[in-house]
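Here is the structure we will look at.
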Amino acid sequence: MTYFISITPADVDGREYFRLKRYKINTSFVDLIGLAAVLLTEDINSTNPFEQLFFYSVDWTVLQMTFQANSFFQEGFMVTMHDSVVNEQHVLTVGTTYGLVIQFVHLDGKYRRYNTFKIADSPILGLYQHNDSDHTMLVMTKNEPYKYASTRCLEYPGNHCVKSGVMEGRNPHCGWCIYEQRASRKSECSCKTTVCWLSSLTSCITLDSEPRGAQASTGTVDIQLTTSLSLPDGPLYQYLCRWQSGAVKNATRVRSKFTCRMDNTNISNNIQLTLELGVKVINTDSFVLLTEAPFLLYSCSNFEKCGECTLTVGANCTWCPVKGLCRQTSASCSHAVTSSNRTCPQLANHYDQLYLPSGINRSLTINVTNDVLTQYNNIAFRLVTDAVGLNSSCTATSSRLTCLVNVSVNHSKAKNMISVQYSSSANGWTYLDDNHNNKVTIYNCTKLAEEGCNYCKALNSSIYKCAWDSSAHICKYNDNRGARENAICPPPLINEISPKDGPYSGSIITTIMGREFGVIEFKDIDQTRIVVSGKSCSPMQDISFVPPDKHDFELRVRTGITCKAVGLPFVNRTSLIISYQSSILAADFKPLILKNSTITRVYPEFGPRAGGTKITLYGENLGIGNRMLEFVYLRDQRNGVMFHSTSIYETGDGYVIIGTIPIRAESSTIGNASFYVGMNEEEIHTNTVSFTFLDNPVVTDIYPTHGYLSGGTVLTITGENLNHAKLPIIFIRGYEQDSEQCINDDSSTKAFCKVPEAPKDLKQKLETRRRRRATACVGCQEVEIVVKLDGVERSFTLKYYHDPSLSKFNNGMKLFNEDQHFLTVEGDNLTLLATSDVQITIGIEECRVVEVSNTFMRCAAPRKQPKPGISGAEIPEVNVTIGNIRATLGYLKYEVAVKQVALIVGASVGAAVLVIIIVIVAVCVATRKRRANTKAKSILVNKMKKELKDVELEDKIRAQPEEDQPRMKIEHENDSLK
């Protein structure tokens, strides 16, 4: 088969790969030439895109893999491969984009999966296994290498080859260590012969015995054994036989066959034994089990049926059908059945078509094949079924049994196994063989049709003999077909109708449910006489009963009908006519209520003439009926616009209509426009609710033009008429589903938006750019960001930078002196932040940010230690929020400054004078120093006043509404720069 090979670039998880596609050409192979990187494969002709013919490159050579290997969608693409040989078997190991390692072993020309395990990282970029003796697999991911040991086969426990499951595992590393009776690697199985370890890719040693069974209690039996594997011979090995875990017997060996003389005394019942062949190495006492086989010890007289007597593997008996006895093959009897002729008399196959009505005397006819019994007048027959206590005598004529039966069940039907017994002498009753497991179904007409008359009419007449009894109002057994067809059913009863309400003048599709709605095949409903709450209703679809067993009914019972009610009501009723009978209403029936729908208000009430405004219409009874919304139309005196997509939604207060005004490139519609709503084929309009088209907003600038990957910092949008769009948003081009809501300023010239969080692939690209040291945007990733104000868009370039880092407190704790006033928070990459972008809290109180640099931030701390914000804590914690970044740095403990007053009291006058002199000198020096530093102190005071003013302004901002705070912070920063 020839394939045209094409290779195109592909991107998986931020990495560059090649995607290989193959196209069928004719009937030979074309080699793939050239160097390929890691390949993703895609079979154009395959219904499963993950079943491919693989090509991959190793050491600059492209190899063709002429096999199919499968991976599933949830496992990822196969992106790297490694070929190795384990115990002389080819093993293919594959790595996927999702971090899975899948291993295949070559068996019978195909690669079979035998192991899968997951790496903590992804994707897998490289795999390597050196050789058999290494027993390790090296796995390389994008971050680091991993080393994994191959299995030691401990997952296959037990000392029996078959029961351990090692052969089903097909793990090429594992096998069965014969003389140690355990699963192991080949290198860990020690022995002195060449035949001691079986690979899991082969099979356990099997044993064949001749004969496979023998008569019990004959003393001994000689059994010849043959093994599937040639076992070692010589004086070192003594082979033994035993019944399972019993006493051992020596086995005589002649070439490749063994003979064991086994004891079978004191065994009278039929018993299936396990014959075990083992070996004992000279100078050791342990019995090593090699293999086993089943062996039957039997007595012919213990078999009770013909099939058991002649077909049991290992038994050699003859069945005497007339007497109903199993004898040894040497016995003679009439019509003898042996394992060679296999002509047991038995019940014919009735294919589960035997039916009996409950509580009625009926004859059941059963056929017999290989019949040699019904010709004898002295053989009696009876039918028994233990489940319902059936025991009925039968008459026999020409291979046919007729049994008179009367049995009752209290549910719709019961299917039970039947057995036929016969007796010709004082030997008792013998079961007639039934290889087909025939069953009889006992049915109860009343239970099958307990839902009413029409159920009785619809029953399968070929198996159920039932008819409706009008006087008793139940379905009863009746073999008269005419009685079933001519029965008159009660009038239809309407139980419920849905929906519960609908439009007064519009249309509504309703569903009427009830009983005795007739049989669909009879076409018995008057389609012109259906009325719903006074509105004429045209039938659309019948609703039918779905039986648990489809074979029980040959007709469909109507349980409901769907119709479309239109026009104005002309009467005050709900009714229908079936089989010329008018319906009646159930006692708890609730009629469909007709209502009028109205529109009371719209939000928002205005938007740009370019469109794109998402509007919500409120009103009364907007959710009635089928909630079929045909159109929403907005029209002024000259122009109109039709909404493309609208829907009705349920809210806590009722239902609303939500839609978006189509975006229009050019429109002269300015001013008030009215809504026209088509719902339930009825037009709703009111002049009191209108929408005003205003001049389009114009976006002129955005600042700053940078943000962090986590997003959340504030951007300021400037322009004109910005408040003409009620719900402005901002998003990265191509990621509108992850947009952020913006807030309009009180004026029409400003709006505030949060930087959207960067998507995963953008973060990975920035990581790649960091490694490649791109020069176009050092340390950042440029994207196109869109400000959307309803139908008006303006795009800008925004630079994303790596998130800033914040330093946690040493040992989770930091001491703070009350006299410090300002708390310093250290970090990195903080340059891009404005003070308004950062919020720092100490416990439950705010620490207002007053300064931000690249490596630290300062905030005005509360004067007293705040209460902790963490329940149960004794010391307040410090939390920092930067946009969407939230971090707890540790706990902050306030220290109280201690003032010491030293009083020196002199005992002598000389000491007092000395003190006075010292004080006078100190005052003079201090005065001179104070005058020298007046200028420095003035500068310090001015700085403190400015910081105090900043703190007071932050208090004022915090007292304002939340939506005004970003604007005031930004204006404060601009004033500070002047």
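Of the residues in the stretch 86-107, how many are open to solvent by 30 Å² or more (accessible area, probe 1.4 Å) and out of contact with any strand residue (DSSP E or B) (no Cβ under 7 Å at 6 or more places or on another chain)?
The total comes to 3.
Would you tally the residues in the stretch 296-327 being under 25 Å from residue 420 (Cα atoms) and part of a strand (DSSP E or B)?
Of the residues in that region, 7 qualify.
So that you can scan it fast, the table gives a plain yes or no per residue for (1) open to solvent by 40 Å² or more (accessible area, probe 1.4 Å); (2) at pLDDT 90 or above; (3) in contact with a helix residue (DSSP H, G or I) (Cβ under 8 Å, 6 or more places away or on another chain); (4) aliphatic (A, V, I, L, M):
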| position | (1), (2), (3), (4) |
| --- | --- |
| 190 | yes, no, no, no |
| 199 | no, yes, yes, no |
| 212 | yes, yes, no, no |
| 221 | no, yes, no, yes |
| 244 | yes, no, no, no |
| 258 | no, yes, no, no |
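Of all residues in the stretch 819-841, which are assigned to a strand (DSSP E or B) and in contact with a Pro (Cβ under 6 Å, 6 or more places away or on another chain)?
Selection gives 827 alone.
Filter the stretch 585-597 down to the residues that are of a type in the set (S, T, N, Q) and buried (at least 16 other Cβ atoms within 10 Å of the Cβ) and list them by number.
597
Any residue in the stretch 634-646 that's closer than 17 Å to residue 685 by Cβ: show its pairings with residues that are basic (Lys, Arg) and open to solvent by 80 Å² or more (accessible area, probe 1.4 Å) at Cβ separation under 9 Å, as long as the two are six or more apart or on different chains.
If the second residue must be basic (Lys, Arg) and open to solvent by 80 Å² or more (accessible area, probe 1.4 Å), the pairs left are 641/635.
Among the residues of the stretch 363-386, what is the count of those that are open to solvent by 10 Å² or more (accessible area, probe 1.4 Å), in contact with a strand residue (DSSP E or B) (Cβ under 7 Å, 6 or more places away or on another chain) and in a loop (DSSP other than H, G, I, E, B)?
Selection size over the stretch 363-386: 3.
In the set 57, 133, 46, which member is in a strand (DSSP E or B) and either basic (Lys, Arg) or at pLDDT below 80 (or both)?
57
From 227, 259, grab the single residue that is under 52 Å from the mean Cα position of the chain (by Cα) and of a type in the set (Ser, Thr, Tyr).
Step by step, each of 227, 259 is checked, and only 227 is under 52 Å from the mean Cα position of the chain (by Cα) and of a type in the set (Ser, Thr, Tyr).
Filter the stretch 412-430 for residues that are open to solvent by 30 Å² or more (accessible area, probe 1.4 Å) and either in a strand (DSSP E or B) or at pLDDT 95 or above (or both); which is farthest from residue 322 (Cα to Cα)?
Result: 412.
Could you tell me whether any residue of the stretch 712-720 is more than 15 Å from residue 790 (Cα to Cα) and either open to solvent by 40 Å² or more (accessible area, probe 1.4 Å) or charged (D, E, K, R) (or both)?
No: the stretch 712-720 contains no residue that is more than 15 Å from residue 790 (Cα to Cα) and either open to solvent by 40 Å² or more (accessible area, probe 1.4 Å) or charged (D, E, K, R) (or both).
Taking the stretch 608-652 as the region of interest, how many residues are more than 43 Å from the chain's Cα centre (by Cα) and either of a type in the set (Ser, Thr, Tyr) or in a strand (DSSP E or B) (or both)?
So the answer is 5.
Going through 393, 398, 408 one at a time, which residue ends up being out of contact with any Ser or Thr (no Cβ under 8 Å at 6 or more places or on another chain) and either open to solvent by 40 Å² or more (accessible area, probe 1.4 Å) or in contact (Cβ under 8 Å) with a residue 24 or more places away in the chain (or both)?
Answer to the selection: 393.
Please state which one of 480, 437, 486 is under 30 Å from residue 319 (Cα atoms) and open to solvent by 10 Å² or more (accessible area, probe 1.4 Å).
Result of the check over 480, 437, 486: 437.
For (1) touching a Cys at 6+ places or on another chain (Cβ under 8 Å); (2) touching a residue at least 12 places away in the same chain (Cβ under 8 Å); (3) more than 30 Å from residue 750 (Cβ to Cβ), each residue gets a yes or a no:
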residue	(1), (2), (3)
787	yes, yes, no
828	no, yes, yes
831	no, yes, no
872	no, no, yes
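Which of (1) in contact with a strand residue (DSSP E or B) (Cβ under 6 Å, 6 or more places away or on another chain); (2) under 22 Å from residue 755 (Cα atoms); (3) open to solvent by less than 50 Å² (accessible area, probe 1.4 Å) is the odd one out, the single condition residue 828 does not satisfy?
(3)
With respect to residue 388, is the statement that it is under 30 Å from residue 301 (Cβ atoms) and not polar (S, T, N, Q) true?
In short, no.
If you take the residues of the stretch 301-311 that are surrounded by fewer than 21 Cβ atoms within 10 Å (Cβ to Cβ) and not charged (D, E, K, R), which of them is farthest from the chain's Cα centre (by Cα)?
Checking each candidate, the answer is 301.
Kindly provide the set of residues from the stretch 539-575 that are under 21 Å from residue 458 (Cα atoms) and of a type in the set (A, V, I, L, M, F, W, C), ordered by number.
Once the filter is applied, which keeps residues that are under 21 Å from residue 458 (Cα atoms) and of a type in the set (A, V, I, L, M, F, W, C), the stretch 539-575 yields 543, 545, 546, 553, 555, 557, 561.
Failed condition for residue 207, given (1) open to solvent by 40 Å² or more (accessible area, probe 1.4 Å); (2) in contact with a Leu (Cβ under 7 Å, 6 or more places away or on another chain), with all others met?
The number of the failed condition is (1).
Are any residues in the stretch 431-456 in contact with a His (Cβ under 7 Å, 6 or more places away or on another chain) and farther than 30 Å from residue 323 by Cβ, and if so, which ones?
Once the filter is applied, which keeps residues that are in contact with a His (Cβ under 7 Å, 6 or more places away or on another chain) and farther than 30 Å from residue 323 by Cβ, the stretch 431-456 yields 444, 447.
In the stretch 223-237, what residues are touching a residue at least 24 places away in the same chain (Cβ under 8 Å) and open to solvent by less than 60 Å² (accessible area, probe 1.4 Å)?
223, 225, 226, 227, 229, 231, 232, 237 - these are the residues of the stretch 223-237 that are touching a residue at least 24 places away in the same chain (Cβ under 8 Å) and open to solvent by less than 60 Å² (accessible area, probe 1.4 Å).
For the stretch 521-558: of the residues being at pLDDT below 95 and of a type in the set (Val, Ile, Thr), which is most open to solvent (accessible area, probe 1.4 Å)?
Only one residue fits best here, namely 528.
Residues that are touching a residue at least 60 places away in the same chain (Cβ under 8 Å): list the strands (runs of 3 or more DSSP E) wholly contained in the stretch 457-568 that include at least 3 such residues.
The strands (runs of 3 or more DSSP E) meeting that bar are 493-498, 501-503, 508-515, 558-566.
Residue 454: touching a strand residue (DSSP E or B) at 6+ places or on another chain (Cβ under 6 Å) and surrounded by 16 or more Cβ atoms within 10 Å (Cβ to Cβ), yes or no?
yes
Among the numbered conditions (1) more than 24 Å from residue 754 (Cα to Cα); (2) in a loop (DSSP other than H, G, I, E, B); (3) touching a strand residue (DSSP E or B) at 6+ places or on another chain (Cβ under 7 Å); (4) not aromatic (Phe, Trp, Tyr), tell me where residue 874 comes up short.
Among (1) more than 24 Å from residue 754 (Cα to Cα); (2) in a loop (DSSP other than H, G, I, E, B); (3) touching a strand residue (DSSP E or B) at 6+ places or on another chain (Cβ under 7 Å); (4) not aromatic (Phe, Trp, Tyr), residue 874 violates only (3).
Which ones in the stretch 328-353 are surrounded by 18 or more Cβ atoms within 10 Å (Cβ to Cβ) and outside any loop (DSSP other than H, G, I, E, B)?
The answer is 337, 346, 347.
Looking at the stretch 644-673, which of its residues are at pLDDT 90 or above and either in contact with a Cys (Cβ under 7 Å, 6 or more places away or on another chain) or over 18 Å from residue 696 (Cα atoms) (or both)?
Scanning the stretch 644-673 gives 646, 647, 648, 649, 650, 651, 654, 655, 656, 657, 658, 659.
The values are calculated or read from the model by the stated rules, or taken from the named source; none is laboratory data. Predicted model, so just to flag it, every value in this text is computed and none were measured. Every residue, glycine among them, receives a Cβ derived from its backbone with ideal geometry; neighbour counts consider all protein chains shown. For the accessible areas, the whole protein counts, side chains as well, though only heavy atoms, and no ligand, DNA or RNA atoms are used. Shrake-Rupley method; radii C 1.70, N 1.55, O 1.52, S 1.80 Å.
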